[in-house]
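Here is the structure we will look at, set down as structure tokens.
The values are calculated or read from the model by the stated rules, or taken from the named source; none is laboratory data. Quick caveat, the model's predicted, so the values are computed rather than measured. When we count neighbours, we look across all protein chains shown, and the Cβ atoms used for this are built from the backbone with ideal geometry, even at glycine. Ligands, DNA and RNA are stripped out before the accessible areas are found, and what is left, the full protein with its side chains, is counted by its heavy atoms. Shrake-Rupley method; radii C 1.70, N 1.55, O 1.52, S 1.80 Å.
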Amino acid sequence: MSTQAQMQTDTAVLVNISSEKWPPRQRTYFGSLTVSSPQPGEAFAITPIHGCLGVMDLGDKRTLEYRITAREIAEDLAREINGDSGEGSYHGVFVAAGEAPTESELAEARRRLEEFQRRLVAAADLEWERTKNPMFITDLERRAARQLSLEKPWLYDARPLADCPVCAEKIKHGVAVCRSCGAILDREKAAQYGLVAAEEKDSPRTRRSHTEKREPEPAGK
Ligand SMILES: [Zn+2]
């Protein structure tokens, strides 16, 4: 069997139980590869990995080709993704021993993922106790709490303030009206709460005529 043919048959199964989406992985020997994530309702997703030929630069225009097995590549990708969040982090990616993940492999991955998520939640709880500031809670910690279906006071009001496009003051996301300059930032929402007349949702033309009609009436009428 030629080296090329051997590589075609050399595959490994990278399994992912997390619904997170990972940016594509880049390697010189295979280019770019996206690790699949399970769709809603699926327990896991599989990304088949193939063996590759790496090229080592020996200098003086000499190169050395070497084989990288599918398993080596898959283990490397799993390590990279799992280690993404520091010491002891785990994101639910592993290499199956066979052609498909076994129940015990999946159970072990779920156990490790939950353990990591509980650690994140515990860290967030401590941080919250100390600061009561949602700014110090990371997206990763929030996601962990949601995935464990835990109700936490630090789950909300996550995003930093935005800038009002009119007066550039700091405002909360999703507000209908700027507290500082009174600009209507979400017309539909503002109308819903009676902050603007409902007909102001119409086209700019009717809106203008409506505004004109609202000009102060002569006194004494
Ligand atoms: Zn404003």
Item to check | Sum of side-chain charges, Met56 neighbourhood, beta-carbon under 12 Å (Lys, Arg +1; Asp, Glu -1) | outcome: 0
Next on the checklist: Among 96-103, 32-39, 9-16, how do they line up by average Cβ neighbours within 10 Å per residue, starting with the highest?
Outcome noted: 9-16, 32-39, 96-103
Next on the checklist: Probe radius 1.4 Å, ligands and nucleic acids left out: which of Arg25, Arg187, Arg71, Arg146 has the largest accessible area, and how do the rest follow?
Outcome noted: Arg146, Arg71, Arg187, Arg25
Next on the checklist: Can you tell me, using C-alpha contacts under 8 Å and at least 6 residues apart, the relative contact order of the range 1-104 as a whole percent?
Outcome noted: 31 percent
Checklist entry - What shape does the range 54-135 have by the C-alpha gyration tensor, where a ≥ b ≥ c are the square roots of the eigenvalues, rounded means a/c under 1.5, and otherwise prolate means a/b greater than b/c and oblate the rest? => result oblate
Checklist outcome for this item: For the range 60-73, Karplus-derived ³J(HN,Hα) couplings (6.51, -1.76, 1.60; θ = phi - 60°; whole Hz; x for glycine and proline) come out as 6, 6, 9, 10, 10, 8, 9, 7, 10, 6, 4, 5, 4, 5
Checklist entry - For the range 49-88, what class follows from the C-alpha gyration tensor (a ≥ b ≥ c being the square roots of its eigenvalues): rounded when a/c is under 1.5, otherwise prolate if a/b is larger than b/c, else oblate? => result oblate
Checklist entry - With all protein chains present and a 1.4 Å probe, how do Trp22, Trp128 order by accessible area, largest first? => result Trp128, Trp22
Next on the checklist: Please compute the Kirkwood hydrodynamic radius over the range 91-175, one decimal place, Å, based on all pairs of different Cα atoms.
Outcome noted: 15.3 Å
Next on the checklist: Taking the solvent-accessible surface of protein heavy atoms with a 1.4 Å probe, what is the per residue accessible area of the range 1-116 in Å²?
Outcome noted: 59 Å²
Next on the checklist: For a quick check of understanding: with a 1.4 angstrom probe and all protein chains in place, what accessible area in square angstrom does Thr63 have, to the nearest ten?
Outcome noted: 90 Å²
